[in-house]
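For reference, the structure discussed in these notes is given below.
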Amino acid sequence: MPGTSTSQDTDDGRAYGRTVGTPNPELVEVEAGTPAGELLRRYWQPVATTAEATTRPRKVRILGEDLILFRDGQGRPGLLEPRCCHRGTTLYIGQVEDDGIRCPYHGWLFASDGTCLDQPCEPDRGRNRASYRQPWYPVVEYHSLLFAYLGPPEKQPLFPTYDIFDDLDDDEETVVVDHFAFGGPSVAPCNWFQTHENVMDPYHVFILHNAISGPQFDPRLEIWPTIDWQRHPWGVTSTQDRVLEDGTILHRITETRFPNIRVVATPNLSVLGKTNNMSWAIPIDATTTRVVAMLRVKKGGETQGLPTYGDGKSWFELDDEGHQRYPGDYETQVGQGPVTHHSTERLSSTDRGVSMVRRQFIEQVQAVAEGRDPLGVTLASSTDASSASLRSETILAGNYIVTPTTDLSQIPLADTLQDTSRH
């Protein structure tokens with residue numbers, strides 16, 4: 001009809017009639033049976049700090065599964081399904097004993113590997129008790145954290161260790177810092193992936209952590225660097241090379257390691273050389289993430305410092321207006337919603353690192369769905385039984401100061417320095 005116009009004729013960018021966005025399930029799903037959830041289950045995942053496993057049962061939720069964590073009287077950690085395999089009551093109210101955890105309903109006793117050890121109401125305290133087993137997951141204690149493998153038994157990989165935590169001196173220890181990306185509560189109401197990919201977004205440092213809220217980190221990070229990204233068989237790295245006032249170069253490397261590890265060199269530059277810490281974005285479920293960091297420090301010394309905001313307040317001291325005026329990683333990542341809408345994003349050239357992380361993750365989701373093994377795992381069954389059950393990995397991340405006399409063979413990813421004015 002004359003005078004009638006369509007939305008195409010009058011599209012001026014208004015919100016009315018906009019498309020409702022959707023997430024990419026291959027990035028955000030964590031539940032068992034989903035393609036992404038099955039990929040995550042092919043790796044050892046941190047489930048708790050070592051201090052959280054005690055003789056009092058503790059509720060643990062990871063990858064959408066509710067479990068019970070305990071440590072028996074001999075110090076062995078156990079991670080079991082909470083619903084007793086006998087009559088279904090919860091082992092959260094069970095009694096932990098020397099050999100395991102006893103159900104409070106009829107007294108069945110389960111070892112940390114789910115083996116049924118005692119059925120006190122049955123003849124001979126359970127003539128057939130060996131036929132029963134409480135669903136369980138294997139647990140490895142590594143320094144200050146407990147890791148569990150939640151995937152198929154025949155695909156259980158060797159447990160990885162990391163060189164930055166090897167060979168501790170007598171005056172050193174590892175500690176766990178339970179906070180969100182250098183500030184904020186440890187548990188965030190959002191999907192794990194939107195916190196994880198942020199590590200490959202160095203450009204936000206200049207805006208969020210400096211122009212808007214900063215400088216929240218060392219002022220030298222305000223210097224605009226030469227930025228590049230590198231893909232590896234175990235993840236993605238970013239190099240940021242800054243020419244400092246004295247002519248030296250700050251060669252900064254950050255990492256994402258498969259599937260949910262991020263290694264960020266201390267942004268306050270308190271540690272020079274190879275980094276002393278790494279973090280895990282632990283998917284509690286699809287809309288909740290816990291972030292923990294493990295650090296190598298001197299016994300009794302200072303741990304990694306947290307940034308201050310505005311007039312020197314910590315994140316926890318800010319009121320609502322303070323969080324608006326001085327946002328950090330927590331506000332911007334949680335601000336994307338419980339699960340971000342990938343379909344409505346408009347990625348640009350500075351998002352190349354984020355795109356690399358996403359592409360690599362999706363490739364591995366598809367690899368597992370097709371029956372192949374994902375990146376960075378060595379299956380225990382493929383290794384001679386007499387060999388070590390651990391697999392050591394070398395960390396590259398750090399803050400490296402490069403001078404004209406520096407031996408570049410000792411500097412990781414030094415080839416990116418050719419783009420600076422070092423010479």
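The values are calculated or read from the model by the stated rules, or taken from the named source; none is laboratory data. What you are looking at is a predicted structure, and each value in this text was computed from that prediction instead of being measured. Glycine also receives a Cβ, built like all others from the backbone with ideal geometry; neighbour counts cover every protein chain displayed.
Among the residues in the stretch 202-218, are any crowded, with 23+ Cβ neighbours inside 10 Å and either among the aliphatic types (A, V, I, L, M) or not in a loop (DSSP other than H, G, I, E, B) (or both)? There is no residue in the stretch 202-218 that is crowded, with 23+ Cβ neighbours inside 10 Å and either among the aliphatic types (A, V, I, L, M) or not in a loop (DSSP other than H, G, I, E, B) (or both).
For the stretch 86-142, taking the residues that are assigned to a helix (DSSP H, G or I) and on the phi > 0 side of the Ramachandran plot, the one that is surrounded by the most Cβ atoms within 10 Å (Cβ to Cβ) is identified as Arg125. When every residue of the stretch 109-125 is checked against the conditions, at least one turns out to be of a type in the set (Asp, Glu), closer than 19 Å to Thr55 by Cα and free of Cβ contacts under 8 Å to residues at least 60 places away in the same chain. All of Pro225, Pro267 fail the test of being surrounded by 19 or more Cβ atoms within 10 Å (Cβ to Cβ), under 20 Å from the mean Cα position of the chain (by Cα) and more than 24 Å from Thr161 (Cβ to Cβ), apart from Pro267. When the criteria are applied in full, Val243 fails the requirement of being surrounded by fewer than 16 Cβ atoms within 10 Å (Cβ to Cβ), assigned by TED's automatic domain parsing to the domain that holds Ser348 and in contact (Cβ under 8 Å) with a residue 24 or more places away in the chain.
Residues that are touching a Pro at 6+ places or on another chain (Cβ under 9 Å) and of a type in the set (S, T, N, Q) within the stretch 240-260 comprise Gln240, Thr248, Thr254, Asn260, listed in sequence order. If you go through the stretch 55-69 and pick out every residue that is buried (at least 17 other Cβ atoms within 10 Å of the Cβ) and either assigned by TED's automatic domain parsing to the domain that holds Ala281 or more than 21 Å from Val187 (Cα to Cα) (or both), you end up with 0. Evaluated against (1) more than 30 Å from Glu321 (Cα to Cα); (2) within 19 Å of the chain's Cα centre (by Cα); (3) crowded, with 21+ Cβ neighbours inside 10 Å, His232 falls short on exactly one condition, (3).
Within the stretch 296-311, can one find any residue that is among the aliphatic types (A, V, I, L, M), at pLDDT 90 or above and under 29 Å from His251 (Cα atoms)? Yes, the stretch 296-311 contains at least one residue that is among the aliphatic types (A, V, I, L, M), at pLDDT 90 or above and under 29 Å from His251 (Cα atoms).
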